[in-house]
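Step one of this worksheet: look at the structure below.
The values are calculated or read from the model by the stated rules, or taken from the named source; none is laboratory data. Predicted model only: the values in this text are computed from it and were never measured. Here Cβ is always computed from backbone atoms with ideal geometry, including for glycine, and neighbour counts include all displayed protein chains.
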Amino acid sequence: MTTHWFSPPVPVKSEQGDLTHSASSAEAALKERLKWTKRGPQWNLAVRVCLRVISDEMEPEEARKAFLAAAEE
C-alpha cells in the first residue's frame, strides 16, 4: 500500500495533555483524527479528504490542508 506523504508535517497537541503528535501523511492524519473527541465540520471534511487522498482521488497536500483546518477548529 502506498503512503500519501505531505510536507511539512502538521503538529497537533493531544487532548490528554501536553503531548504533541505530528502527522506527515494522509494515513497518519486519518489515524490521529479518529482519536479526537471534538468533532466539528472541519473534522468531518478532513476525514472525507483523507479518504479521497488514500483512494488516489486527491493530492496529499489537500489532506494536509484539511487536517490543519481541523486541528485549528
Let me spell it out: the conditions are (1) buried (at least 17 other Cβ atoms within 10 Å of the Cβ); (2) over 11 Å from the mean Cα position of the chain (by Cα); (3) at pLDDT below 90, and THR2 meets all of them except one. Which number is the exception?
(1)
Return yes or no: is VAL47 surrounded by 14 or more Cβ atoms within 10 Å (Cβ to Cβ), out of contact with any Pro (no Cβ under 6 Å at 6 or more places or on another chain) and among the β-branched types (Val, Ile, Thr)?
yes
Filtering the range 36-73 for residues that are among the basic types (Lys, Arg) and under 11 Å from the mean Cα position of the chain (by Cα) leaves a count of 3
For residues that are hydroxyl-bearing (Ser, Thr, Tyr) and surrounded by fewer than 19 Cβ atoms within 10 Å (Cβ to Cβ), scanning just the range 24-44, find the one that is nearest to SER14 (Cα to Cα).
THR37
Reported set for the range 5-23 where residues are surrounded by 14 or more Cβ atoms within 10 Å (Cβ to Cβ), at pLDDT below 85 and among the hydrophobic types (A, V, I, L, M, F, W, C) is VAL12
